[in-house]
Structures are given as C-alpha cells and as structure tokens.
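A quick write-up on the structure given underneath.
The values are calculated or read from the model by the stated rules, or taken from the named source; none is laboratory data. Here the structure is a predicted model, which means the values were calculated and not measured. Cβ placement follows ideal geometry from the backbone for every residue including glycine, while neighbour counts extend to all protein chains displayed.
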Amino acid sequence: MAPTSKHVDFFRRKNKLLGGGGTKAIEKQTAMGKLTARDRITALLDAHSFHEYDLFVEHKCRDFDMESKSLPGDGVITGTGTIIDRPVCIYAQDFTVAGGSLGLMHARKITKIMDHAVKMGMPLIGINDSGGARIQEGVDSLAGYGEIFYRNTMASGIIPQLSVILGPCAGGAVYSPALTDFVFVVDKISKMFITGPEVIKTVLGEEVSMEDLGGARVQAEITGNAHFIASNELECFHQIKQLLSYIPWNNGRRPDRYPPTAPKPRFDIEKIIPPEPSKPYDIRDIIRAVSDNSDFFEVHKSWAPNVVVGFARLDGETVGVVGNQPLVLAGVLDVDSSDKAARFIRFCDAFNIPLVTLVDLPGYLPGIDQEHAGVIRHGAKILYAYSEATVPKITVILRKAYGGGYIAMCSRHLGADFVFAWPTAEIAVMGPEGAANIIFRNEIAAAADPAATRKQKVAEYGEKFANPYVAAASGHIDAVIGPSDTRKFLVHAIQVSTNKSESRPKKKHGIPPF
Ligand code: HXC
C-alpha cells in the first residue's frame, strides 16, 4: 500500500511518543547509569517479540498547568512479549516522563496489563523506576496504587509476579513489589523506601542517604525485601530469564521439563560432609551433588543465609529446595530464616513445584533477641507452610534433626510424602550434651567424678537416640540410605509422585501466622 497522509501522520505521532521524555531527560537517565524503559524491555525480551499496547494513552490531569504538558505513554510502557519463548506481560515505568510518576492513566495502563496477564495465564513483570504518586493528580494517583495492590493480591498464586526495581520506588509504591513473588534489585540503582531522606530529616532530624536507607544491598541483605541482587541491569535480566526457566507460566501448569543431566563429578557427596558432627559444610554442595548438571538457582541468597532456598532440577523436573546451612549459625531456624523458607514453600506449592528439604539443624535459635523478635510467631510460619503444601514433599535428614527443628523441616508429621535419613542422622529431642545434662543431672552431681560420668551419659544418650534407627523403627522415616544413593532416591520419589493428588478441607482460607 502506498503511504497516505494518514500513514505519515501515524508515524509522526508514534515516533514522537517513542522518544519518551526527550533527549535531555534520556541523557540524564543514561548519566545515572540506567537504561531507558524501552531499552530495558528490548534487552529483557526475546528479539522483536515485544508488542506494545496503549502507546497513545494520555493523562487527563487539568490542574497545575498539566493541561499543556504532553506525557508520552503517560510515563509507562506496557505490552506482551516472550522470554526464552515463554509469553510474558510486562510494564516498564519511564523515568524520563515526569519521573515515571504514577497518575490515573499510568495506573490504568498497568492494571489493564495485569488483568490481561491473569486472564491469559502469563507471568507479569513490572519494571519500577518512578518518583511515586504523581503529586499533581492527588487522590487519583493514590487510587491507582490501590487498584494495583488489589490486583497484585488477586493475581497472587495464579500467575508468577516479578518486580524489578531499576530506580526509585518510593512511598506507598513499594507495596506493589512487596505483594509480588520475586523482587530484583541492582546495586547503586535501586532505591526502595516508605519515607525518604527529606521526611526523615523533617520528622526525626536525621540525615540519611537514599543508599543507606533503602539501596539494593540494604534490601537484599538486611530487610529481605529483594530476592535477587545484580551488579548491573543486564545481569539482572539474566537472573530473570533463569528464574522463568524454572517456574511455570501459571498455576494451572507445571514448569517446563528439561533434558535430564547428571550432576558434575566434582561434587562428590561422600566427601562433602566432614566426619566430625559439629564441623560445618556448605549445604549448597550437597544440593549440587544431587541436582541435574549440578545447577542450583538460589533465591534470597544474601538474606537469612542460615537457611538456603532455591530451584534445581531432578531428572529434568524443577524442584524447590529448602536446606539448613550448617555454615551459618549451624543452620538454625530463626525469625528471618523461617519467613524466608515459609514464603518459598508457599510459592512452590502454589505453582506445582515439588519440595525437597535437606535437614541438618540443632533447632531454633535460642536467646532473648529472638524471643522478643517473635520467633514463636515467625517460626510457626514454616510449620504452616509445610503442613498446607500439597505438592510432593521429600525430606532427607543428613545429620542433626533436633527438637522443633526436626518437626519443622518437613517431617513426616507435617505431611512429608517421603522421608529418608542418612546413617549419620541424629533425630532426637535435643543434642546428647543438653539431654544428658538434664535427665542425668542428679546422677552426674552425685558421682565421684562428675565430668567422667557426664561424658559417659552423653555417650549413652547419643548411642540410643543420635541415630536414624529409632525413628526408622517407628516408621517416621521411610528408608535409611547411603549418601551416594540420595539422588537415586530423590529422582525416584519425583518420578512416582507425578500424579500426586491431595486435597484439604473446604474453607474460605486459612489464617497463617503472618
Ligand atoms: C510528579 C514527579 C514526581 C512525582 C518526580 N517528578 N517525582 N512529578 N510527581 N511524584 C518529576 C520531577 O518534578 C522532575 O520533573 C522529574 O520527575 C525528574 O525528577 P527529579 O527530581 O529531577 O529526579 P531526581 O533528581 O533523580 O530525583 C528523583 C526522586 C525525586 C528522588 C524520585 O524526584 C523525588 O523525591 N520525587 C518525589 C518522591 C515522592 O515523594 N513521591 C511521592 C511519594 S508518596 P521535571 O519536569 O523537572 O523534569 C507516594 C504515595 C503512594 O508515592 C501511596 C500509595 C499507597
């Protein structure tokens, strides 16, 4: 068709809008070390797969001289595309247009693509780079946030929701990422906070930088708001692609199956655990010793590292792995690690991902700090999450499984489908030292040589309970297995659980200890 004046007009309008906030604003964005919203979409999605919607949407604000201002796309780009051939819905806030601030139409574009993602069963990716509620639009922008939060909540457990923080994400705006499944941040670029430095200075008289307040490291290491941290935007996009390869498009599907591959020989499971029971080792080496190609995609790597969570594949199938990390605090459960594990378990359960739990912990972390921080309430979350989960649940007890920690780490009693234990497993109410000191207190005190008697009683208790056979005799574990058989047992358990079907009593919803 020969171009008509209408075509020319269309290209002129379109090109103007594609230019976002203009050369100066784009230069400012680039000078901050940030890609533009459009370049981010291009870098993240498969080549030429992006289809944009609502490019011609315009803001409706008539106050504060806004009538005269054109805001291309109203500061947000929305559409669909593919990532490694998986369909996704995406929005990217454009900081070059009014600071990516969120007004009524900007919010409508986002809620429209969110609705589309739920209807079509596609993951939703939101790239946040915004000064928050558009101040000129007042309550309309607050309403917009509310509608986004409502949809984040409704979509939860139906489609995976990923938030990528590539600039400021300030004020109430942070609650959308907080309601989503995975948050990605980039060092020096991401800033998340409820109240900014200005407010803190006014109210509290304290000077604080945005970086110290809510920079990427703070969110990844201290608050746990971020699940993944990258050193630049391209690395962040690579992480997103990796994550999407492990998870399904929606809760009605299973993750894609990959060709099975053996673990790499350098991860020799027999050599990872030291013979001394109190010597630490890296639980991630055990995971790599059993997983396909020794791959392990760790989630929340920098936060609460005493528990390790992440995705791996067994015989080509995605599994969610939860393991105590003996390298950090002997792998105890505490407030943060309980939150971390519970959330991950619930994601896996919602999205048909079997759970593999690797147990080696002396229990919950003792101390007044933990008690006052609510270890009872937070610790309960992990019990709730495991009990509620109906995906296949496979547990391997490697070494210590003491007290509440034994129960919490997906014991048979919380509904594990398979429980295996290594010969080195110690399943008891507490460690032999503590137990002997309590139950043989009088005997030890009355002995001619209390130290020798204590040693003997510790050994006696250890012999009786610090092994897997008492639990095996009661059927609390299904098999005592040699470490080198672990992958074989795990793969078999996954294969025979393909058709697992378990239902729960009908109810509106449970009341987890949030
Ligand atoms: C309207 C905004 C804006 C906003 C930025 N801009 N934030 N316009 N509403 N919220 C505009 C600026 O006026 C400027 O326009 C352009 O975006 C770029 O902003 P700069 O300030 O020049 O950029 P920079 O120096 O990089 O600083 C970025 C910033 C700062 C730290 C985000 O702009 C800032 O502090 N903005 C306000 C943040 C804030 O308090 N937001 C409201 C939070 S409360 P020109 O035309 O000059 O280029 C909130 C409530 C939500 O969000 C509640 C939901 C429940």
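The single condition among (1) without any contact (Cβ under 8 Å) to a residue 24 or more places away in the chain; (2) over 24 Å from Leu355 (Cβ atoms) that Asn499 does not satisfy is (2).
Among Val88, Val57, Val76, which is the only one that is crowded, with 16+ Cβ neighbours inside 10 Å and farther than 26 Å from Pro160 by Cα?
Working: Val88 fails: farther than 26 Å from Pro160 by Cα; Val76 fails: farther than 26 Å from Pro160 by Cα.
Answer to the selection: Val57.
Residues that are surrounded by fewer than 18 Cβ atoms within 10 Å (Cβ to Cβ) and among the small types (Gly, Ala, Ser): does segment 457-468 have at least one? Yes, the conditions are met somewhere in segment 457-468. Candidates in segment 158-167 are the residues that are within 16 Å of the ligand (Cβ to nearest atom) and among the aliphatic types (A, V, I, L, M); of these, the one that is surrounded by the most Cβ atoms within 10 Å (Cβ to Cβ) is Ile165. Scan segment 58-100 for residues that are charged (D, E, K, R) and either without any contact (Cβ under 8 Å) to a residue 12 or more places away in the chain or near the ligand (Cβ under 10 Å from one of its atoms) (or both) and the total you get is 4. Taking the criterion of being out of contact with any Pro (no Cβ under 9 Å at 6 or more places or on another chain) and in a helix (DSSP H, G or I), the residues of segment 384-395 that qualify are Tyr386, Ser387.
Conditions (1) at pLDDT 95 or above; (2) of a type in the set (A, V, I, L, M); (3) touching a Gly at 6+ places or on another chain (Cβ under 6 Å), marked per residue:
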residue	(1), (2), (3)
Ala92	yes, yes, no
Lys109	yes, no, no
Leu124	yes, yes, no
Asp129	yes, no, yes
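Is there a residue being over 20 Å from Ser163 (Cβ atoms), exposed (fewer than 15 other Cβ atoms within 10 Å of the Cβ) and in contact (Cβ under 8 Å) with a residue 12 or more places away in the chain anywhere in segment 23-30? So far as segment 23-30 goes, yes, one or more of its residues are over 20 Å from Ser163 (Cβ atoms), exposed (fewer than 15 other Cβ atoms within 10 Å of the Cβ) and in contact (Cβ under 8 Å) with a residue 12 or more places away in the chain.
Tell me yes or no: at least one residue of segment 5-19 is surrounded by 11 or more Cβ atoms within 10 Å (Cβ to Cβ), assigned to a loop (DSSP other than H, G, I, E, B) and modelled with pLDDT under 95. Checked against the condition, which is being surrounded by 11 or more Cβ atoms within 10 Å (Cβ to Cβ), assigned to a loop (DSSP other than H, G, I, E, B) and modelled with pLDDT under 95, segment 5-19 yields at least one hit.
Just the residues that are over 29 Å from the mean Cα position of the chain (by Cα) and more than 7 Å from the ligand (Cβ to nearest atom), please, taken from segment 127-157.
Glu137, Gly138, Val139, Asp140
With the structure loaded, tell me whether Ala117 is in a helix (DSSP H, G or I) and either surrounded by fewer than 16 Cβ atoms within 10 Å (Cβ to Cβ) or within 15 Å of the ligand (Cβ to nearest atom) (or both) or whether it fails that test.
Numbers: in a helix (DSSP H, G or I): yes; either surrounded by fewer than 16 Cβ atoms within 10 Å (Cβ to Cβ) or within 15 Å of the ligand (Cβ to nearest atom) (or both): no.
The answer is no for Ala117.
Annotation note: Cβ proximity below 8 Å between a residue of segment 125-136 that is closer than 17 Å to Tyr175 by Cβ and a residue that is within 11 Å of the ligand (Cβ to nearest atom) and of a type in the set (D, E, K, R) (sequence gap 6+ or interchain) occurs for Asp129/Lys34; Asp129/Asp94. Pairs are defined by a Cβ separation below 8 Å, a sequence spacing of at least 6 or placement on different chains, a first member in segment 33-55 that is more than 17 Å from Gly22 (Cα to Cα) and of a type in the set (S, T, N, Q), and a second member that is assigned to a loop (DSSP other than H, G, I, E, B) and modelled with pLDDT of 95 or more; the pairs so defined are Thr42/Phe50. The set of residues from segment 168-223 being assigned to a loop (DSSP other than H, G, I, E, B) and either within 12 Å of the ligand (Cβ to nearest atom) or more than 24 Å from Leu244 (Cα to Cα) (or both) comprises Lys188, Ile189, Ile194, Thr195, Gly196, Gly205, Glu206, Glu207, Val208, Ser209. The numbered conditions (1) of a type outside the set (A, V, I, L, M, F, W, C); (2) under 19 Å from Ile407 (Cβ atoms); (3) touching a residue at least 60 places away in the same chain (Cβ under 8 Å) are all true for Gly434 except (3).
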